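The structure under discussion appears below in the form of C-alpha cells.
The values are calculated or read from the model by the stated rules, or taken from the named source; none is laboratory data. What you see is a predicted model; the values in this text were computed from it and never measured. Every residue, glycine among them, receives a Cβ derived from its backbone with ideal geometry; neighbour counts consider all protein chains shown. In case anyone asks, the SASA skips ligands and DNA or RNA and just uses the protein heavy atoms, side chains included. Shrake-Rupley method; radii C 1.70, N 1.55, O 1.52, S 1.80 Å.
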Amino acid sequence: MKLLLFISNAFINTMGITQPSPKAANRAAWFIFIMLSAVLATVVTIAVLALRWASHR
C-alpha cells in the first residue's frame, strides 16, 4: 500500500493537485493502480495478439 500511496503522491505533486485527505488519498491510490493495471493488461494483450498473428504468417 505504501508503494501505491507513493505513486499517487508523486502523480498528485507532479500535476500540482491540492493534497487530498487521507481517505481521498487512498481512493486516488487505488484508482491510479486500477488505471495502470488496465493499461498494462491492454499492452500485454496487444503484444500477445501481435506475436500470434506474426507467427501464423
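Among the residues in region 33-48, are any surrounded by 11 or more Cβ atoms within 10 Å (Cβ to Cβ), in a helix (DSSP H, G or I) and either under 13 Å from the mean Cα position of the chain (by Cα) or not hydroxyl-bearing (Ser, Thr, Tyr) (or both)? Yes, region 33-48 contains a residue that is surrounded by 11 or more Cβ atoms within 10 Å (Cβ to Cβ), in a helix (DSSP H, G or I) and either under 13 Å from the mean Cα position of the chain (by Cα) or not hydroxyl-bearing (Ser, Thr, Tyr) (or both).
Residue pairs whose Cβ atoms lie under 7 Å apart, separated by 6 or more positions or on different chains, with the first residue in region 41-52 and of a type in the set (A, V, I, L, M, F, W, C) and the second open to solvent by less than 90 Å² (accessible area, probe 1.4 Å), do not occur. If you go through region 1-30 and keep only what is free of Cβ contacts under 8 Å to residues at least 12 places away in the same chain, surrounded by 10 or more Cβ atoms within 10 Å (Cβ to Cβ) and either among the aliphatic types (A, V, I, L, M) or assigned to a helix (DSSP H, G or I) (or both), you end up with 6, 10, 13, 17, 24, 27.
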